[in-house]
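Beneath this line is the structure, given in structure tokens, with notes to follow.
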Amino acid sequence: MEGALAVAAECHKNTHTLKFLLSRGIRDSNWYALSRAAVWGKMDMAKMLLASTDEPISSKSGEALNRAASQGYLDMLNLLIDRGFDVNARNENGQTPLLSACDADKPLSILIQTLLDRGANIAAKLIKMPDTAYHYQGGDTPCK
């Protein structure tokens with residue numbers, strides 16, 4: 001669900017607007033706003049949103065990690081994993097961050113290797129489909 005924080009993160013991509021809203025006590029759907037910051041690689045926004053919430057990390061928060069992986073933002077990916085995000089969390093389409101990284105237009109081997117080093121399950125399958133990271137790009141190695 002979109003709220004003021006998500007709109008600030010998505011439309012304005014402006015740290016000042018987000019900071020203003022947070023300073024006024026706006027706390028609507030931090031996880032959705034975080035996923036918007038992740039898709040744009042806005043580390044400053046992500047750090048603000050993470051610092052402003054007491055909400056426990058849940059399945060809703062996995063979308064941000066998948067967005068960072070699909071967009072190739074290694075620093076964002078590491079920030080979220082360091083903050084306790086599940087490296088095998090599934091997004092609304094059933095993809096794990098590793099599958100999202102493999103499905104990217106230009107998969108980055110450093111990002112894929114980081115996910116594997118941080119505990120990504122290479123055998124995780126898409127929900128209702130047999131594809132794993134090994135099969136995603138049609139080869140014998142993950143994401144080729």
Residues satisfying the stated conditions in segment 68-100, i.e. in contact with a Pro (Cβ under 8 Å, 6 or more places away or on another chain), within 13 Å of residue 124 (Cα to Cα) and surrounded by 20 or more Cβ atoms within 10 Å (Cβ to Cβ): 87, 89, 98
Matching residues in segment 70-87 - criterion: being hydroxyl-bearing (Ser, Thr, Tyr) and part of a loop (DSSP other than H, G, I, E, B): 73
Residue pairs meeting the criteria (Cβ under 8 Å; at least 6 apart or on separate chains; first within 16 Å of residue 67 (Cβ to Cβ), in segment 101-124; second surrounded by 15 or more Cβ atoms within 10 Å (Cβ to Cβ) and of a type in the set (Val, Ile, Thr)): 101/112; 102/112; 115/87; 120/87; 120/96
Filter result (at pLDDT 90 or above, in contact with a Gly (Cβ under 8 Å, 6 or more places away or on another chain) and aliphatic (A, V, I, L, M)) within segment 55-88: 68, 76, 87
Matching option when the condition is farther than 22 Å from residue 44 by Cα, among the aliphatic types (A, V, I, L, M), modelled with pLDDT under 90 and not in a loop (DSSP other than H, G, I, E, B), among 116, 126, 99: 99
Hey, residue 46 at pLDDT 85 or above and assigned to a helix (DSSP H, G or I) or not: yes
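The values are calculated or read from the model by the stated rules, or taken from the named source; none is laboratory data. As the structure is a prediction and not an experimental result, all values here were calculated from the model. Neighbour counts are summed over all protein chains in view; Cβ atoms, including those assigned to glycine, are modelled from backbone coordinates with ideal geometry.
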